[in-house]
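Working notes for the structure below.
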Amino acid sequence: MKDTEHLELLLRSMFLTSFARNFQDFALRAEKQKIGHIAYLHDLARTESQERQSKRIERLVRKARLLPGKSLENFELSRQPSLPAGRVKELATGEFLERCENILIFGVPGAGKSHFSSALGRQWCLHGRRVLFMTAAMLVQDLLIAKRDLRLQEFIKQLDRYEALIIDDFSYIPFNRDETDVLFILLAERYETRSVILTSNLVFSEWESIFKDAMTTRAAIDRLVHHATILELKDSYREQEAKRRKKADDTSKEHK
């Protein structure tokens, strides 16, 4: 076996796949450009590191289960004057996750809450953060299954691996008492240990319809609000788009 073949096998056995793939081409370039050994190894190491980081981010985005095609770039921030661009940029860095703070996003249906929360989640993945996006309905069903199988705490511990848990469409459907109980347990377990990002159509004064009694409702709100940024999306994109299309149709008819 040639020395280069043996070296490639050795590098792959140590999972240095970028090294194995590039060391010969980089060596030829180093020879032509009269690059020293240290610089040559530095180039190889930097390429290995960049490729590993890129693959890690791809895995984080895939495992986050984010909404496809939703990014801050295609979120029309100008239509939401209640969202300061500077604040959005600050939240996108994900630094608040270090402090286990929450983000609560309220607004009418069609305002872009799901898009916005998923877009923020994508940014956090790009910064190397572990994120999970789930609808409230799906999350509750998974919690109930875990409780039925006597592994609720195990499942909550699995969720603890995610620095940001995005719960979308909270309050979108009414929950029964068993469902709200497991949801409350999850929120209590993540309090001051991990971050929750929550979207809801209902303001706090209407949350008793979710948690069924005033005491549990107050306890849930207290835990979420204690360390939280509260955002409100006031205008519905879908409603605005419908009005725009109607106006365009009316204008077209007038010109016929």
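None of the figures in this text is laboratory data; all of them are computed from the coordinates on show. As the structure is a computational prediction, the values presented were derived from the model and not from experiment. Positions of Cβ are backbone-derived with ideal geometry, glycine not excepted, and every protein chain shown enters the neighbour counts.
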> What does the charge count near F23 come to, summing +1 for each Lys or Arg and -1 for each Asp or Glu among other residues with Cβ under 14 Å from its Cβ?
Replying inline: -3
>> Can you tally the net charge around K147? Count Lys and Arg as +1, Asp and Glu as -1, for every other residue whose Cβ sits under 11 Å from the Cβ of K147.
In response: -4
> Using alpha carbons only, what's the Rg to Rh ratio of segment 36-81 with Rh from Kirkwood?
Replying inline: 1.30
>> What translational diffusion coefficient, to the nearest whole µm²/s, does segment 1-50 have by Stokes-Einstein, given a Kirkwood radius computed over alpha-carbon pairs, a temperature of 4 °C and 1.567 mPa s viscosity?
In response: 117 µm²/s
>> Tell me which GluC sites (Glu not before Pro) from segment 43-74 have a DSSP coil assignment and no more than 16 other beta carbons within 10 Å of their own.
In response: E73
> How high is the relative contact order of the chain, given as a whole-number percent (alpha carbon pairs under 8 Å, six or more residues apart)?
Replying inline: 23 percent
> Looking only at A164, A188, A64, which one moves most when the chain is put into a Gaussian network model with springs between Cα atoms under 10 Å?
Replying inline: A188
>> Only sites in a loop by DSSP and with at most 14 other Cβ atoms within 10 Å count here; which chymotrypsin sites (Phe, Trp or Tyr not before Pro) in segment 1-52 make the cut?
In response: F15
> Across the Cα atoms of segment 65-240, what radius of gyration and what greatest pairwise Cα-Cα distance (Dmax) are found, in Å?
Replying inline: 15.5, 48
> Quick one: what does P(r) look like for segment 1-146 with 10 Å bins over all Cα pairs, in whole %?
Replying inline: 10, 27, 23, 16, 16, 8, 1
